[in-house]
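Here's the structure we're looking at; comments come further down.
Just so you know, all these numbers are worked out from the coordinates, no wet-lab data involved. All values reported here derive from a predicted model rather than from experimental measurement. Every residue, glycine as well, gets a Cβ built from its backbone with ideal geometry; the counts of neighbours run over all protein chains shown.
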Amino acid sequence: MQKTISKSETNKYSNDVISSTHKQAYRWMIPKRFKKFLRDDEVILYACRPTLRDLGLRWVAAGFYYLVLGSIILNMLLFHQPADLQKVIFIAFIVGFLTLAAAIFLRWRNRFYMVTEVTTFASKGILHRTIDMIPNSGIQMVSIRTGFVSGLMGLNSVIISISQQGGNNLLTSTLGTCRGSITLRSVPDIDRLTAIYDGLLFRKNSTPQ
């Protein structure tokens, strides 16, 4: 389900969240690939990776399917095979499981979200990493998405809807166009994040055109 945060619902708390953010907050945790896009005086309002619960849930789900399906396939492959070949197949099965776990971890680790007073950043990918940069002036609406299982786990995602020219997609230093929306998956402290966006949208709509 989606819960839409109306721009007209902005209150004093939203602006207090922004104004109370110290300019050096979060800088210690910013990946190096982000720092080249930041000015020295740029205020970081929010920065995070997806929660550890998200990583744990993905490990459990992937491990369950791998072990169930893999065990069936493994039994078929090991049937009437020489002992040496059985060892090779079993080792390959273990290596495959560890590779899957490592890939899930790297995908989680490379997801990073950052919000400054002027720009929203979102990175993703495993080997080929991308960084979406969306000027906050192009944001049209902020929504919260919660699925059944993710809701039980307290995992909420924030969807940022942007205008046609609302963002730039930096793909290994190649400038492109980011249209439609981006999703900040399984973010922690979602109340603070939505309050920040409420304040940013309020400031945008209050600024004379």
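Amide hydrogen proximity for residue 46: with H placed 1.01 Å from N in the peptide plane, the residues at 5 or more positions away or on another chain lying under 5 Å are 115.
For residue 141, nonlocal amide neighbours, meaning residues 5 or more places apart or on other chains whose placed amide H falls under 5 Å from its own, are 161.
What is the gain in length, in nm to one decimal, between residue 64 and residue 126 on full extension, counting 0.36 nm per residue of separation less the C-alpha to C-alpha distance? List each step's numbers first, then the result.
Values: separation 62, 0.36 × 62 = 22.32 nm, distance 2.19 nm.
So the chain would gain 20.1 nm between residue 64 and residue 126.
Provide the packing ranking of 125-137, 183-195, i.e. peptides ordered by the mean count of other C-beta atoms within 10 Å per residue, highest first.
The most tightly packed comes first, giving 183-195, 125-137.
Amide hydrogen proximity for residue 181: with H placed 1.01 Å from N in the peptide plane, the residues at 5 or more positions away or on another chain lying under 5 Å are 162. Here the Karplus relation 6.51 cos²θ - 1.76 cosθ + 1.60, evaluated at θ = phi - 60°, turns the backbone of segment 111-117 into coupling constants of 7, 9, 10, 9, 10, 10, 5 Hz, with x for every Gly and Pro. With N the number of residues in segment 55-106, Rg(Cα) / (2.2 N^0.38 Å) evaluates to 1.26. When you filter the chymotrypsin sites (Phe, Trp or Tyr not before Pro) in segment 30-129 for DSSP loop state and at most 16 other Cβ atoms inside 10 Å of their Cβ, you are left with 37, 79. Full extension of the chain between residue 109 and residue 85 gives 5.1 nm of extra length, using 0.36 nm per residue less the Cα-Cα distance.
Since only 71, 114, 97 are under comparison, the one whose Cα sits farthest along the positive direction of the charge dipole of segment 31-121, derived from C-beta charges on Lys, Arg, Asp and Glu, is 114.
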